[in-house]
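For reference, the structure is listed below as structure tokens.
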Amino acid sequence: MTGELATLLLCDGRLPVGAYTYSAGLEPAVAAGLTRDQVPGLLRARLRTVSVTEAAAAVLALRAGLRDPVDHAPVQAALAARTPTAPLREASAALGRGVHRLARRLAADHPAVAALEHAAVPGTAPARPLRPIVTGALAAALGVGEAALARTVLYDDLQTVTSAALKLLPGDPLDAVAWILACEPQLEAAVAESRAVTSADSLPARSAPLTEQWALEHPHNERRLFLA
Amino acid sequence: MPDSPLLPSDAHASSAHSAHTSSPQSTHAHGAHPPTRRALRVGVAGPVGTGKSSILATLCGQLADSLAMAVVTNDIYTDEDARFLRSAGVLPTDRIHAVETGACPHTAIRDDISANLDAVEDLEAAHGPLDVVLVESGGDNLTATFSPALVDAQIFCLDVAGGGDVARKGGPGIRGADLLVVNKTDLAPYVGVDVTRMVADARGARDERPVLALSKNDPDSVAELADWLRDTLARHRAGTLVPRDPGPMAPHSHPHPRP
């Protein structure tokens, strides 16, 4: 298994894992006043902060998934600590649940997938593995490489924002494609940074305070379309 | 229970009303599923404003005293329908979950059912064992139906106020749902619709599958709706209910020239 087809599957928005319920922070940002011309800036900001952290966590989970025995708990704990806002941890766990359902269907017996049952740290919320951990475990089972995995996680975040923008800040859909392609230098830098991380302790920990604040406000918005 | 035109012929073998307490029957038709204790999942789909939430409220009002029930709503904005149902007071509020659908209600019930499966599983974990989980679709178009991986049976809901010709338009929900409801029949005189004609059109599109002319102000029709659900639950318990996809768009009926 070369993992190349699996890579395409993992970054396809049609993968049935519930990702369409998520706006990657765009809906809370729009509620706080973010305008359409600021979307490219939001994309770059996410690449430098929350997205690179998630991509690096996924790479660590992939590596953990190829060891014997598999232990996802240190990466789960490190990523949870770097996701200080409870609604974002819960959203990540909810999204991870969809990927986990898929992983059980595709590769339930793979040690990386089986070990997800013990990824969550007992007594702490969320009680489920965060999405990057699950994605990394599935990547291990499907033979996806580190760079491809990191790029998939980063690309998915960009595509999630721009496709939500089509609903929240409608405009020319072709603009959204151009926004993503314009992020390539920052995205590739984040791929390299993700692969350079060698342990859970050295997972990037950059604060994105507005993202956190907006996410805290979002559950109180009674007219919301998206999970977060 | 009197014979009802809504019930399939095999339903009379078991008493629907004893479903709650009966143990699963071990003898059933060839090809049937094994008996199950998982909650019966029933989807309610149909266009916006036809009365899906009202059907849920009616079913809960009729049956929640005798069955353990819970509800999942899918709406454009998170919890519009959930709030309606909570305010109707027919179920404890923590038995009503709303899922975010990212403005894709049809996706959430058919193409990618993750969010709804999560909600159903959470309700069963928190309140189980449950007898019935009702899943309400967001209002959508005539092609929106539930995946058989999400629900065991589905109701498609039209209403007379949407126009008497809608039943003739066909589509997978009208043609293939387990039950087609023509709702708000009490409004027919005010909107100039002939209910008998509309129901006949609907029956014509559905082979032998049942059609119910429903008004929440008509107790007989409400009783028939409740009986349909009890019977469906009995068949689910007995392992004879096989979830069916209503299928693709109805084939068009004009003759094609032969090559």
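Is the stretch A:107-206 best put as rounded, prolate or oblate by its Cα gyration tensor, with a ≥ b ≥ c the root eigenvalues, rounded for a/c under 1.5, and otherwise prolate when a/b is larger than b/c, oblate when not? It comes out prolate by the Cα gyration axes.
Separation of the stretch A:72-129 and the stretch A:162-212, taken as the distance between their Cα centroids, equals 21 angstrom. For the stretch A:54-86, the residues whose backbone nitrogen is under 17 Å from a point 7 Å from the Cα of A:Glu117, taken along Cα to Cβ, are A:69-73. Computed about its Cα centre, the charge dipole of the protein assembly as shown is approximately 480 debye, with only Lys, Arg, Asp and Glu carrying charge at their Cβ. Taking every residue in A:92-98 and counting other chain Cβ atoms within 10 Å of its Cβ, the average works out to 3. Going from the residue with the fewest nearby Cβ atoms within 10 Å to the one with the most, A:Tyr155, B:Tyr190 rank B:Tyr190, A:Tyr155.
Per-residue Cβ neighbour counts within 10 Å put A:Glu222, B:Glu224 in the sequence A:Glu222, B:Glu224, beginning with the fewest. Dividing the C-alpha radius of gyration of the protein assembly as shown by 2.2 N^0.38 Å, with N its residue count, gives 1.06. Sparsely packed loop sites in the stretch A:25-91 (the trypsin sites (Lys or Arg not before Pro) outside DSSP H, G, I, E and B with at most 12 other Cβ atoms within 10 Å) comprise A:Arg67.
Its Kirkwood hydrodynamic radius, worked out from the mean inverse distance over all distinct Cα pairs, puts the stretch B:41-238 at 16.6 Å. For chain A, the mean residue ellipticity at 222 nm estimated from helices alone is -18500 deg cm²/dmol, where every DSSP H run of n ≥ 4 contributes -39500 (n - 2.57) and the total is divided by all residues, rounded to the nearest 500. Peptide A:18-31 has a mean shielding of 3, counted as Cβ atoms of other protein chains within 10 Å of each residue's Cβ. Inter-chain Cβ neighbour count for B:101-111, averaged per residue, equals 4 (cutoff 10 Å, partner chain atoms only).
Among B:89-96, A:17-24, B:207-214, B:181-188, the peptide with the highest mean count of other Cβ atoms within 10 Å heads the list, and the full ranking is A:17-24, B:181-188, B:207-214, B:89-96. Would you kindly calculate the translational diffusion coefficient of the stretch B:58-120, applying Stokes-Einstein with the Kirkwood radius from alpha carbon pairs, for 25 °C and a viscosity of 0.890 mPa s, and quote it in µm² s⁻¹ without decimals? So the translational diffusion coefficient is about 201 µm²/s.
Rule-based calculations on the coordinates, nothing more; no lab input. Worth saying up front: this structure is predicted, and the values here are computed from it rather than measured. Note that we place each Cβ from the backbone using ideal geometry, even for glycine, and neighbour counts take in every protein chain shown.
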